[in-house]
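A.B. asks: Questions regarding the structure given below will be posed in turn.
A short reminder: the numbers here are calculations on the coordinates, not readings from a lab. From a predicted model like this one, the values you see are computed outputs, not experimental measurements. A quick note on method: Cβ atoms are made from the backbone with ideal geometry, for glycine too, and the neighbour counts reach across all protein chains shown.
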Amino acid sequence: MSRADTILSGSVAAPSQSGVRSMQTTHRTTLMLRAKVVVVGDACVGKTSVVQMFKSGGHDYPKNYIMTIGVDFGVKQVKVPETDCVVELFLFDCPGQGVFNKLEQGAAYYENAAFVCVVFDVSNRDSFESCGRWLQGVRAALPTTSAPLPGVVIANKSDLREGGINARAVVETKEGRLFALQNGLDYFETSAAGAKGIDAPFHHMATSFHETYEKTIEGAEGEGGLP
């Protein structure tokens, strides 16, 4: 089995799962990895806005709020710097209504996730307090492994930190960083409305996925598992 045929997890054929395939160009082979990302958080925190801005390269900010009822699905390719690797992020934007957080409702969408992306609104403390519940719901729906599901915490609407005494943020950066640290996640701040910091969390996950792939391959080759 070659490096390009090695599956990191799941099946390449299913877009809801994470894996790897190769794509031959006229000059060299591009390694194409697939990673499923589930995006969760309370309603109105801006999950869909963050995802749409990322997919559109910062050009498609929703003008009107429409609550996500089902699961919105999208794909965005990320080139990993200084490599011949492209990671396809399969983004599952999950609704924020409370009923969806019930295990039986969300489990089907969380299955085979490579990352979890927990989003809260810096001006809404309740949405921050809910992050632990969302994270627990996703992780509980997945098979028990030696390491918890990795991912990121996104503090959205960071533009509300601006304005001095008129700033509307109620959740401090240090609080968000502490929550992320305590739960094995990485912390990012974004402003979907201001198109700030949108790419960073997703590029981080893509790079992390590639690094995990490389470590898996190196381990298999060291054990004689790959020719």
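A.B. asks: Report the label-to-label distance for Thr29 and Ala167 in nanometres (one decimal), using points 7 Å from each Cα along the Cα→Cβ vector.
C.D. replies: 5.1
A.B. asks: What is the gain in length, in nm to one decimal, between Val75 and Ala195 on full extension, counting 0.36 nm per residue of separation less the C-alpha to C-alpha distance?
C.D. replies: So the chain would gain 41.3 nm between Val75 and Ala195.
A.B. asks: Rounded to the nearest 0.05, what FRET efficiency do Gln136 and Glu175 give with R0 = 22 Å and r taken as the Cβ-Cβ distance? Could you check?
C.D. replies: So the FRET efficiency works out to roughly 0.75.
A.B. asks: Also, I was wondering about something else. What order do you get for Leu178, Leu160 when you list them from fewest to most C-beta neighbours inside 10 Å?
C.D. replies: By the 10 Å Cβ count, ascending, the order reads Leu178, Leu160.
A.B. asks: For a protection proxy built on the mean count of beta-carbon atoms within 10 angstrom, sort 70-78, 202-210 highest first, please.
C.D. replies: 202-210, 70-78
A.B. asks: Let me ask another. Under 13 Å from the Cβ of Val116, count the other residues' Cβ atoms, weight Lys and Arg +1, Asp and Glu -1, and hand me the total.
C.D. replies: +1
A.B. asks: What is the calculated FRET efficiency for Asp60 to Thr207, with r their C-beta to C-beta distance and R₀ = 22 Å, to the nearest 0.05?
C.D. replies: After rounding to 0.05, the efficiency reads 0.40.
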